[in-house]
Amino acid sequence: MTTAGALMAAAAARLRAAGVPDPARDARLLLAHAASVDAGRVTLIAPEEVAPEIAERFERLVSLRAVRVPVSQLVGARAFYGRDFKVSRDVLDPRPETETLIELALGAPFARVLDLGIGSGCILVTLLAERKEATGLGIDLSEGACLQASANAMVHGVAARADIRQSDWFDAVEGRFDLIVSNPPYLAADEMADVAPELRDHEPRIALTDGADGLSAYRTIAAEAQGYLTATGRVLVEIGWQQGDAVQEIFRRAGWGDVHLAHDLGGRARVVRAANPA
């Protein structure tokens, strides 16, 4: 039998050779999942021998990670804003940069929120979990994404306050909202060849790119969202780090007021905020 430490070292070397970023971390997370232990305890079991069935499970996980299947899909979850969200190939991984949108959203009161392109549900579910009196509607073109978001709403105890529907943007949306949020597909078609294999090959293409210039979703939101917003409501949209000027211009040309750009902790343009004109 082989020790946990030896297995992790061999796996890290294999993942490094495959070009996987941070291979030691991934080896540790995958072994924790295979052994059903907390990731923080993996180093404690490093000197221990690993049972054959765990070693075999770990080998399968490492093989999949070596062909760039995301760790979150292999373990079935990804942490976001202090909560674990279930993920699958039907949705994008929740990512730390999206927490910038969450912080901005929580910076002002809201009673009713609309999430356009709900995906895993990480945005809507987090906002409802943080604001216990709020209700929300989440829409997505993908039925699989709607099912995944519904599951996460159940896990985090907000399902009774979250209405999740399959919809092509505003088609199934009714009523008005204090807050409209979206992390839409913003990669241009010609950018897809350069993205990481984890995204390009294993996450839903329709959630990554509009197949055009990466700005189509913003044009739709800017053109239609005012009809669904309360008089004092606001829109927050996540953007690609080079899209700040273009997205702000789209909203200004559509007649929005108070259009501003916010940056993430890394200093990159991340969210455009807009409100109804005064």
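Classification of the chain by its C-alpha gyration tensor yields a prolate form. The axis ratio a/c (a ≥ b ≥ c) is 1.5 or more, and a/b outweighs b/c. Modelled this way, with points 7 Å down the Cα-to-C-beta line, the labels at R60 and D201 are 2.0 nm from one another. Taking the DSSP beta bridges with both ends in the chain, the antiparallel portion is around 45 percent.
Any idea what angle helix 143-155 forms with the longest principal axis of the chain, computed on alpha-carbon atoms, 0 to 90 degrees, nearest 10? Between the helix axis and the principal axis of the chain, the angle is about 80 degrees. Simple spin-label estimate for T230 and A46 gives 5.3 nm between the two label positions (7 Å along the Cα-to-Cβ direction from each Cα).
Applying a DSSP loop filter and a limit of 12 other Cβ atoms within 10 Å to the trypsin sites (Lys or Arg not before Pro) in region 82-168 leaves R89, K132. Structural descriptor for the chain: relative contact order 14 percent, calculated from alpha carbon pairs under 8 angstrom and at least 6 residues apart.
Loop-resident GluC sites (Glu not before Pro) (DSSP state other than H, G, I, E or B) in region 31-134 with no more than 16 further Cβ atoms inside 10 Å of their Cβ: E48, E133.
Between V173, V91, V235, which gets the highest mean-square fluctuation from a Gaussian network model of the chain, Cα cutoff 10 Å? Among V173, V91, V235, the largest GNM mean-square fluctuation belongs to V173. For the chain, the dipole from Cβ point charges (+1 on Lys and Arg, -1 on Asp and Glu) about the Cα centre works out to 380 debye, to the nearest 20.
Read-outs throughout are calculated quantities, based only on the coordinates presented, and are distinct from any laboratory measurement. No experiment lies behind these values; they were computed from the predicted model shown. Quick reminder, even Gly has a Cβ in these numbers, built from the backbone with ideal geometry, and neighbours come from all protein chains shown.
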